[in-house]
Structures are given as C-alpha cells and as structure tokens.
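Student: Sharing a structure with you now.
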Amino acid sequence: MKSDVNLCSLKNIACTLPGQRMTSKETLLQKYEEYKKEFDRIPKYREFLRFAGIHGRVLVKIYGEDAYSKLQMECGDLANKLNLEKTPLEKIMRQYGDLALEAGKLPSSSVWIHQGLKPTISGLERSPHFIKWPEFPKKFARWAEVENAVEYKEVLELIEASSSSSGKSITEKSDREFEELINAVRSWIPDRRRNVEETYKVELRKHLEAKGFKLHEEFGESNFDLLIRNKYAIEIKKAPNQSEYDRMFGQLARHLQHQLHVIALVLDAPTQDKFDNFTALVDLYLNKNEKFVEVIKK
DNA sequence: CCAAAAGAGACAGCAACCAT
DNA sequence: ATGGTTGCTGTCTCTTTTGG
C-alpha cells in the first residue's frame, strides 16, 4: 500500500512535465482496468483517484457531470453511485397480496417482518410510500383494481370481509362513545351569552371535563377547537355568516379525512334558514354513508 | 372480574450508503 | 456537507390475550 502511494506521487511529478500534462481519457480507462486487475474489484471513486494519481477535476474536465459514473459505464461496469430507486409500488403490493394468499388471511406486520420483506415496516410508512400497516388493505385493493390484478381476487374478498366485519364492530363501539359525547354537548347550557367564541370554548371544555371526557390540549398544527380522545373533534362557530358556514363546511370535511367524528356546534345562530341549509348540506355530502358529523345549535 | 403480559402498530432519531 | 431511501432501534400507545 505504502509503495503505491509513493508510486502515485512519482507519477504526479511525471504528469507535471511538459508534454504529459494532459491526462487522456485512454490513460484513465487503462488505469481503471489496471486497478481491477490488481485488486480484483471495482474501485470506489476515491480509491480510483488515488490509484490513478489524479485530481477529481481531471475527471470532470473529461466527462463533465457525474464524471466517475460515466467512466465506470464506459468500462462496462455499473456505476457505484447509489441506485436509490424506490421499491416499485407493484412489487410492494404483490408481496402483500402473496402473503395474504399464502396465509388465507390478511397478514399482520409481524409476518412481513418475519419474511424479511422490503421495504421494512419503517420504510413502508414513510416517504415515499406512506403505507401505514392498517391502511395496507385499502391501498392494496385500490392498486389491484387499477391494475386489474385478477390473481388477487381472493385477497380482495378477504379485505372486503374484514372491513365489513371489523369495521362494523369498531364503528358500533365508537358510535356509543360518540353518542355520549353528543349528549354531553347537548346538555351543556352556556352560562350566558358571550361575545367571543373563545369564551364559549373554555366553558364547554370545563363542562366536558366535568363529565369525565379526556380533552386533548391543542397541539401541533391541529385546527380543532376541541379534541376528545384523539377521535372526536368539536368545531365551534359563533354567529356565523354565510362564508363562515362555508368555511366550517370545509373544516368538517378535513376532519373527516383524518377519520374523526365531528361535532359542529353553532352558537347564537343569527338566522334559522342559514342554519337549516347548513345542516342539510352536511347531511347530504358529509354524512353520506355513515353518520360522522353531528350539528348542534344553541 | 382485574391486572399483568404480549402483540401490534406509530413515530422519531440515528446511521449507512457514496458520488458530488 | 448534502442528497434521498432505507434500515435499525428505542419508546410510546393502544388492543388483545392470558393468568389468577
């Protein structure tokens, strides 16, 4: 090794001699092959530079962008540069589908880990995949549908079955909680008329806490007025005009996206017909299949 | 029935990768 | 130092199972 370094420095001196100043492409290619012969493997960037006794700029001068990679390709090798292609969606989905077919049921994340499938769970849930495990069935179903992957028909049936059975029991259970909450909000009577929405909010919060609901402090960028058990959001609007109703509608929709149940609480509604119109809209568009939004007026 | 233990999942931090 | 994907690990939470 040490003699190598010495050699290189000798050559460097040689390179500075007139007439040899230009390192030619051919010399580099030759060096590359030499290295492979000598060490029986492909050199890494730095190793090559040292071995050839050149500065990285020389490479760039000859090859331009991604110089070393181009050189490697020219010598018939794959570039060392990391090929960070994300795992294609298809591969991920097929792995999932095959697991399900094999087991005859929807796999848990543990199976995936045990099989050593990639990307790992932690990779899966982050960019660029964003597949959290419980969402896997849904995403798989969507994929299979788009790709028309008939071979996974059984898996789709499994997904269908699980979402209707477990889905139901879950909503039934949470429905009860939701009902309780709705009743609690209904039973709340504001001390008196307030001028500011915020004051109502504080008061309602006290009321709910007294009823034994666990309120979450607003954290992060959450836009909820109140959040209960991470599942139920309460939106409070005082004396809304039309555009505020519209805004609230949008907020409700956003909450639903986060799979929350929402109570929209309207205080001091100026006119009955705007309120009625609002509730009608909510029922029509947001409470389409199952009831997740409750509108209450005080 | 309750309490403890196991299981599943969420999430964040850290590191590896390697040419540029 | 940086880029982007991925893996690994620790900690937290929530749910389900088990033991008594």
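Student: Please tell me which of these pairs span more than 23 angstrom C-alpha to C-alpha: A:Lys44/A:Lys70; A:Lys37/A:Lys61; A:Lys132/A:Lys237; A:Lys138/A:Lys237?
Tutor: Pairs exceeding 23 Å: A:Lys37/A:Lys61; A:Lys132/A:Lys237; A:Lys138/A:Lys237.
Student: Something else now. How big, in percent, is the set of alpha carbon pairs in region A:89-164 lying more than 21 Å apart?
Tutor: Considering region A:89-164, 18 percent of its Cα-Cα pairs are separated by more than 21 Å.
Student: Pulled fully out, how much extra length does the chain show between A:Val60 and A:Arg46, if you take 0.36 nm times their separation in residues and subtract their Cα-Cα distance?
Tutor: Extending this stretch completely gives an extra 3.7 nm.
Student: Here's a follow-up. Separation between the A:Val150 and A:Val111 pseudo-spin-labels, each 7 Å from Cα along Cα→Cβ, expressed in nm?
Tutor: With each label point 7 Å from Cα toward Cβ, the separation is 2.4 nm.
Student: Further question: Determine ³J(HN,Hα), in whole Hz, for all residues of region A:61-71 in sequence, where each value follows from phi through the Karplus function 6.51 cos²θ - 1.76 cosθ + 1.60 and θ = phi - 60°; x replaces Gly and Pro.
Tutor: Taking θ as phi minus 60°, the curve returns 4, 7, 9, x, 4, 6, 4, 5, 4, 5, 4 Hz for region A:61-71.
Student: Shifting gears a bit: Ignoring ligands, DNA and RNA, please state the percent of accessible area on region A:89-164 from carbon and sulfur, probe 1.4 Å.
Tutor: C and S fraction of accessible area: 54 percent.
The values are calculated or read from the model by the stated rules, or taken from the named source; none is laboratory data. These numbers were taken from a predicted model, which means no experiment stands behind them. No Cβ is skipped: glycine too gets one built from the backbone with ideal geometry, and neighbour counts run over all protein chains shown. Heavy atoms of the whole protein, side chains included, go into the accessibility calculation; ligands, DNA and RNA do not. Shrake-Rupley method; radii C 1.70, N 1.55, O 1.52, S 1.80 Å.
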